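The values are calculated or read from the model by the stated rules, or taken from the named source; none is laboratory data. A quick note: this is a predicted structure, and the numbers were derived from the prediction, not measured. Here the Cβ is made from the backbone with ideal geometry for all residues, glycine too, and neighbour counts use every protein chain on show.
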Amino acid sequence: AMRIAQEEIFGPVLTSIPFASEDQALQIANDTPYGLTAYLWTNDLTRALRFTDKLEAGMIWVNSENVRHLPTPFGGVKASGIGRDGGDWSFEFYMEQKHIGFATGAHKISQLGV
């Protein structure tokens, strides 16, 4: 609940919060209105896959510092923003996608329940 653990701080800051279990660590990590990045340090690949699947962040590094290949998507979740940009992902920001399907020939239209 401390301010330093609840705000999105941009700078060389490390907040260290002790935890007793993996579930508690996940609860602490996700208990913030922000979700731009997250870092996970572990020697257990299964734990890394399980934890990152449940971690609420737009970008996650496992056993690595913030080294981003520029064509990969950049962006967060929750109050850290929506959508992604970077590389091909940037096109989404400038586009409104629409799907239109045309039947170009005669065909039977199936009926539900028949």
Complete set of residues in segment 1-28 that are closer than 26 Å to residue 82 by Cβ and at pLDDT 95 or above: 25, 26, 27, 28
Does at least one position in segment 86-101 carry a residue that is surrounded by 10 or more Cβ atoms within 10 Å (Cβ to Cβ), at pLDDT 75 or above and of a type in the set (D, E, K, R)? no
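This table checks each residue for (1) of a type in the set (A, V, I, L, M, F, W, C); (2) loosely packed, with under 12 Cβ neighbours inside 10 Å.
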{"site": "18", "(1), (2)": "no, yes"}
{"site": "30", "(1), (2)": "no, no"}
{"site": "35", "(1), (2)": "no, no"}
{"site": "42", "(1), (2)": "no, no"}
{"site": "46", "(1), (2)": "no, yes"}
{"site": "50", "(1), (2)": "no, no"}
{"site": "56", "(1), (2)": "no, no"}
{"site": "59", "(1), (2)": "yes, no"}
Applying the selection to segment 61-83, what residues are surrounded by 15 or more Cβ atoms within 10 Å (Cβ to Cβ) and at positive phi? 75, 78, 81
Picked from segment 2-58 (must be among the small types (Gly, Ala, Ser) and assigned to a strand (DSSP E or B)), the residue nearest to the chain's Cα centre (by Cα) is 35
